[in-house]
Amino acid sequence: MRLQKIIPATLAALILAPAVWASDPSVSLDFGGQAVRGDVASSKFDEYIDIPRGFYVESLGLRNYGDDYYFRLDGAKPGFKDQSLNIETGIWGLHKFSLGYDQTPHNLSNSARTFLRNDGEGVFTLPDNLQSSLQTSTTNAAGFFPWAPGIPLRVDRTKSSLAYTYSPTGPWRVNLGYSAEKKDGQKNIGVNFGFQIAEAPEPVDYLTQDLNFGTEYVGKTLGWRANYNFSAFANGIHSLTVDNPVNLTDTAASASGSSTPGTARLALPPNNHSHQFSTDFSAKTTAKSHLNANASFTSLRQNDPFLPPTSNAVILSKARVAGFVPQSSLDGMVNTLNAALRWNWKPVTPVSVNVRAKHYDIDNRTPELTLERIPYDSSYSTGTPTKSFKYGNVRRSLPYSYDKTNAGADCYYSIAKPLSMKLAYDWERIGYDFFEAKATQEDIYAVSFKAGPFYDLVVRPSYQYARRIVKDYNEELHWAEESFPLGEGTALGEMPQLRKFDLAGRKRHKVTVRADWDPLDYLNAGVDYGLTKDDYDAEYGVQDGRTLYYSVDASVSPSDRLGIYADYSWEQMSAFTRSRYRSSTADDLVANDWAGVLKDTAHSVDVGVQSVLLKDKLDADLGWGMTYLKGLQQASNPGTITTASALATDFPNTYSRLQKLRASMRYRWSQSLTARLGYEYQRYTETDWSQDDLEVYQKDWATSVFLGAAQTGYEAHLISLGLSYAF
Amino acid sequence: MKKTIHWIASVMAVLTVLLFSRGIEPRVSAQEGEAVSTAPSTEQPAAKTAEFVGAETCIACHADRASFKDNIHARAWPAAKGIDFSKSCETCHGPGSLHGGAAGDKGNADFFTIKNPKTLSSKNVAKLCLECHQGGNRFHWDGGSHDSRDVSCLSCHSLHHAKSKEEKFLLAKTTEMETCYQCHSVKKAQFQRSSHMPLHEGKLTCTSCHNPHGSVGPTLLKQASVNENCLSCHAEKKGPFLWEHAPVRENCLNCHTPHGSKHEKLLKTKRPRLCQQCHIITRHPSTASTPSSITLVGRSCTECHSQIHGSNHPAGVRFQR
């Protein structure tokens, strides 16, 4: 990683020197100090940014535009976790060299606690005496787990990039680029030891590198470009091994084939790499028409060694499990082909016609493997080993693939100066491999208008109707290979009548309207409306989906010293589902059906005033924004249930509200020096049953331990004072 | 309903054919400035008599445009295109001798011989800009979503009054997001939601995923598919995995909504309901049982099925390992 920083810096220094001093540079610097007060313990406060406390440099810039050379540097918050630096330099129209460095934090939670100790290489252990004690009794666990040390859950991203473009002649261009993105940190992950859960910090040590080069020729009538990209993802840690909090070692096998494990082990994301070749072509087929084409081929490979099938040594030692894995690694390969063609014809000024076709094919050539099944690290089958296919014994991996073909056309016609219309038709077919459906096919009709400007009003309404049909649906096609197949043991698996929404027939109506009104130079307003309604052809699963939104926005500047703006947006996403309570015995009854309603509603408001108090000297801004979200998850039984377990009840509603009040003043001392004073108040509140009462240890769940990771509310006051200096 | 839709579609198709059969002629409008402009791509008699007068002459009347000297165009053109500042105005607006000769008299037809991009149709504005800017990100402009929805280059870019801090893009608004929000206002609200990508924190922009100038991907995505777009940053989810989750391979948007959500991880809806949309499995809480259940709190279903994007573990068929 260090090398990745040194090489770009050296290259940059060598190349930049002549550009920086080619003529008189201009420099800008914005720095100051900030104080933060309030309850800011929540990771939500600084989720993606590093909020300064004390002195900091907000931004710095350097410009030097000479007759031949140019140089541009932009930096932000040097030394902070969200710092960035971008440099672009070169010779106008001939060479362009750019360098980028950017850090983005992602603060996941500040409330996580655990006794797990990171021993490196993805191994997390607990003190033996703790495990032994809990194995004997969990009575006192609730008393001491809250005292577990806190651990930060965050993933920091650092990306460095280099790019070079050479334009030897007007139409020719050659480019070369490299980027390296590092992700470091840890995030929470669930680990299970059979029917027992423990959360653990999953170490993140990812490096993604991309190398690309290409060339482009764009002439008056022909254009062509070709690119090659190599991408490699490497995970520094390949597995996660976590101690069982309530069991020290793997217990001896019982007669029924169970053994409580002392550890659990997960496979973390494997390394992969891909090669991509792509080419684009464009041509003026006639004076009024244009053809664009694109073709790309990507080959993605993954061949990380498999882990042993279980970390439980007792189960691993069983004869049946030996030879469990038929090969040492997957040798996975996915080839993706994309070919697209678009012909645009503008026969006369008011008419434009598009004809398009696209084929996108994901060909998953990963081998299908048949593997003996070890459902949990806590049990194994005591049955006779067999290679014949039985649901309870083996599973076959499925290399899911699909190919998507689109074709369509649209016609734009400017009927009269204030009115234009676009008609479109698209056809889409998706062919699936190993899904329950062989194919889906969709017809999409659309019409849109642009009316105006008349009386300073422009209105853009559109309507789309789409109808999707499903071909050769067979719910039993791959049940044998599914995670929860029908007939697994004596229990039931997936419900035959279920239709997964991506494979169900669907009718879609979509309406959007956007209106902009600019009656005066100093007044404009807009209105948005949108409705998408999906009706699924499904007896069970998602029945209907609906998204409805509207927004209004306006801004007015009655004088060049005052500007006022306001916008409000409302959106509601709904889904209506039907499901059934199904126990592990055969009571699969319509009477135990339940209907679900999912509804998320969002309100957003943003209002503000921008004013110039003293012309060319003093200006001030004041703004307030609020986003309020409500989540509703209701369920009810349409019929009379046959067992109390089938009773459907509502989940408590969830809420969140974020408010921000901003006020700032800027005083310009001179042409080059500006002082600023800012105040911001932020308040975030959250109510969510799934995390509000979650603690590291709960008495009701005696064998499960969590991290207690949550993103709770916060309240903050930020006061800043700064100077901007430009010379 | 089905018949109605087909009927409407048929009528629209016939209407389209009729419109073509009328033999549409381009409307010539002096106000539009299209037909009498003087750029090399137009063919109007007036243009032949107009001559270049130089930027100093233009600025004599249009003093507020003097700052164009600092514009990235004026700075780059001499070396990159061999166009010095004196020719910079007329490179886009056409030769101005006739326009200047009219001395601001709008009653004089010569006044309108100058090309005013503000009055041009979006197609003609694009044609003008692409004289120099074809290729690169604009390679697929023609026929792209914005081109075919009558979006003009000037809807997003302002050559003389750019407000963006990043001067090289000459945006009409202070930031790239504000520029896009002009039309996509609901996205502004979505990015304010509790679960969002860091756009407002300044770490991503709309063009991190989209190419507004046209692409071969859906919804102007930079890559050919949704998944390719997402996986270009989330490379750890590329696989291929031994055990794949079908909807993951198919489309990330089956479970996630990228522009902002109420639910963590940009999920479309809250777990376990999200999972229950496609799974009605026994031995799981298929009813809306009390939320205090251990299988519902925290990360809910993915507390056990933690490798939901795919598992490379030989016993990871249920995405638990």
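The values are calculated or read from the model by the stated rules, or taken from the named source; none is laboratory data. Quick caveat: nothing in here was measured; it's all calculated off a predicted structure. Cβ atoms come from the backbone with ideal geometry, glycine included; neighbour counts cover every protein chain shown.
Return the residues of the range A:193-208 that are farther than 15 Å from A:P269 by Cβ and in contact with an Asp or Glu (Cβ under 8 Å, 6 or more places away or on another chain); say none if nothing qualifies.
If the condition is that a residue be farther than 15 Å from A:P269 by Cβ and in contact with an Asp or Glu (Cβ under 8 Å, 6 or more places away or on another chain), then A:F193, A:G194, A:I197, A:E199 are the ones that fit.
Of the conditions (1) farther than 26 Å from A:V204 by Cα; (2) touching a helix residue (DSSP H, G or I) at 6+ places or on another chain (Cβ under 7 Å); (3) surrounded by 24 or more Cβ atoms within 10 Å (Cβ to Cβ), B:L220 clears all except one; give me its number.
B:L220 satisfies all of (1) farther than 26 Å from A:V204 by Cα; (2) touching a helix residue (DSSP H, G or I) at 6+ places or on another chain (Cβ under 7 Å); (3) surrounded by 24 or more Cβ atoms within 10 Å (Cβ to Cβ) except (3).
Go through the range A:196-233 residue by residue and tally those that are at the interface with chain B (Cβ under 9 Å from one of its Cβ atoms), under 30 Å from B:S293 (Cβ atoms) and among the hydrophobic types (A, V, I, L, M, F, W, C).
Count: 2.
From the list A:A466, A:A407, A:A446, pick out the single residue that is under 20 Å from B:G217 (Cβ atoms), at pLDDT 95 or above, small (G, A, S) and within 27 Å of the chain's Cα centre (by Cα).
Selected residue: A:A466, the only one of A:A466, A:A407, A:A446 that is under 20 Å from B:G217 (Cβ atoms), at pLDDT 95 or above, small (G, A, S) and within 27 Å of the chain's Cα centre (by Cα).
Which of the residues that make up the range A:74-111 are more than 9 Å from chain B (Cβ to nearest Cβ) and either touching a Pro at 6+ places or on another chain (Cβ under 6 Å) or in a loop (DSSP other than H, G, I, E, B) (or both)?
Correct list: A:K77, A:P78, A:G79, A:F80, A:K81, A:Q83, A:L99, A:N110, A:S111.
Here is a check on your reading of the model: is A:T260 crowded, with 22+ Cβ neighbours inside 10 Å, of a type in the set (S, T, Y) and away from every other protein chain (no Cβ under 13 Å)? Show your work before the answer.
Values: crowded, with 22+ Cβ neighbours inside 10 Å: yes; of a type in the set (S, T, Y): yes; away from every other protein chain (no Cβ under 13 Å): yes.
So A:T260 fits the description; yes.
Can you spot a residue in the range A:691-701 that is in contact (Cβ under 8 Å) with a residue 40 or more places away in the chain, more than 10 Å from every other protein chain (Cβ to nearest Cβ), in contact with a Pro (Cβ under 9 Å, 6 or more places away or on another chain) and of a type in the set (V, I, T)?
Within the range A:691-701 (the criterion being in contact (Cβ under 8 Å) with a residue 40 or more places away in the chain, more than 10 Å from every other protein chain (Cβ to nearest Cβ), in contact with a Pro (Cβ under 9 Å, 6 or more places away or on another chain) and of a type in the set (V, I, T)), the answer is yes, since at least one residue qualifies.
Here is a list of conditions, (1) touching a Ser or Thr at 6+ places or on another chain (Cβ under 7 Å); (2) within 11 Å of chain B (Cβ to nearest Cβ); (3) not basic (K, R), and A:Y522 meets all of them except one; can you say which number that is?
Evaluating A:Y522 over (1) touching a Ser or Thr at 6+ places or on another chain (Cβ under 7 Å); (2) within 11 Å of chain B (Cβ to nearest Cβ); (3) not basic (K, R) leaves (2) as the failure.
Of everything in the range B:123-161 that's without any contact (Cβ under 8 Å) to a residue 24 or more places away in the chain and part of a loop (DSSP other than H, G, I, E, B), which residue is surrounded by the fewest Cβ atoms within 10 Å (Cβ to Cβ)?
Top of the filtered list is B:H161.
Given the range B:42-115, what helices (runs of 4 or more DSSP H) lie entirely inside it while holding 2 or more residues that are touching a Gly at 6+ places or on another chain (Cβ under 8 Å), within 23 Å of A:R63 (Cβ to Cβ) and not assigned by TED's automatic domain parsing to the domain that holds B:H161?
Ranges flagged: B:72-80.
Return yes when B:G260 is over 25 Å from A:P269 (Cβ atoms), of a type outside the set (D, E) and not assigned by TED's automatic domain parsing to the domain that holds B:L130 and no when it is not.
Answer is yes for this residue.
Answer yes or no: is there a residue in the range B:216-227 that is at the interface with chain A (Cβ under 9 Å from one of its Cβ atoms) and in contact (Cβ under 8 Å) with a residue 40 or more places away in the chain.
For the range B:216-227, residues at the interface with chain A (Cβ under 9 Å from one of its Cβ atoms) and in contact (Cβ under 8 Å) with a residue 40 or more places away in the chain: present.
Is at least one residue of the range A:317-331 touching a strand residue (DSSP E or B) at 6+ places or on another chain (Cβ under 9 Å), part of a strand (DSSP E or B) and more than 10 Å from chain B (Cβ to nearest Cβ)?
no
Which of the residues belonging to the range A:339-349 are in contact with a Ser or Thr (Cβ under 6 Å, 6 or more places away or on another chain) and facing another protein chain (nearest Cβ under 7 Å)?
A:K346
So in the range A:76-115, with the set limited to residues that are β-branched (V, I, T) and surrounded by 21 or more Cβ atoms within 10 Å (Cβ to Cβ), which one is farthest from A:P52 (Cα to Cα)?
If we take residues in the range A:76-115 being β-branched (V, I, T) and surrounded by 21 or more Cβ atoms within 10 Å (Cβ to Cβ), then A:T89 is farthest from A:P52 (Cα to Cα).
Contact list please: Cβ distance under 7 Å, first residue in the range A:146-169 and closer than 26 Å to A:Y48 by Cβ and touching a residue at least 24 places away in the same chain (Cβ under 8 Å), second residue assigned to a loop (DSSP other than H, G, I, E, B) and of a type in the set (D, E, K, R), pairs at least six apart or on different chains.
A:D156/A:K81
Only one of these is polar (S, T, N, Q), crowded, with 22+ Cβ neighbours inside 10 Å and more than 9 Å from chain B (Cβ to nearest Cβ): A:S352, A:S378. Name it.
It is A:S378.
Among the numbered criteria (1) within 14 Å of another protein chain (Cβ to nearest Cβ); (2) among the hydrophobic types (A, V, I, L, M, F, W, C); (3) buried (at least 19 other Cβ atoms within 10 Å of the Cβ); (4) closer than 25 Å to B:F191 by Cα, which one does B:L120 miss?
Looking at each condition in turn, B:L120 falls short on (4).
Looking at (1) within 11 Å of another protein chain (Cβ to nearest Cβ); (2) farther than 30 Å from A:Q209 by Cβ, which is the one condition that is false for A:F297?
Failing condition for A:F297: (2).
Of all residues in the range A:129-187, count the ones that are out of contact with any strand residue (DSSP E or B) (no Cβ under 7 Å at 6 or more places or on another chain) and of a type in the set (A, V, I, L, M).
From the range A:129-187, those out of contact with any strand residue (DSSP E or B) (no Cβ under 7 Å at 6 or more places or on another chain) are A:129-130, A:132-140, A:143-144, A:146-147, A:152, A:168-170; that's our starting set.
Next, only the ones that are of a type in the set (A, V, I, L, M) stay: A:130, A:134.
Counting residues in the range A:129-187 that are out of contact with any strand residue (DSSP E or B) (no Cβ under 7 Å at 6 or more places or on another chain) and of a type in the set (A, V, I, L, M) gives 2.
Looking at the structure I just gave you, is A:T649 surrounded by 16 or more Cβ atoms within 10 Å (Cβ to Cβ) and within 27 Å of A:A595 (Cα to Cα)?
On the way: surrounded by 16 or more Cβ atoms within 10 Å (Cβ to Cβ): no; within 27 Å of A:A595 (Cα to Cα): yes.
It is false that A:T649 is surrounded by 16 or more Cβ atoms within 10 Å (Cβ to Cβ) and within 27 Å of A:A595 (Cα to Cα).
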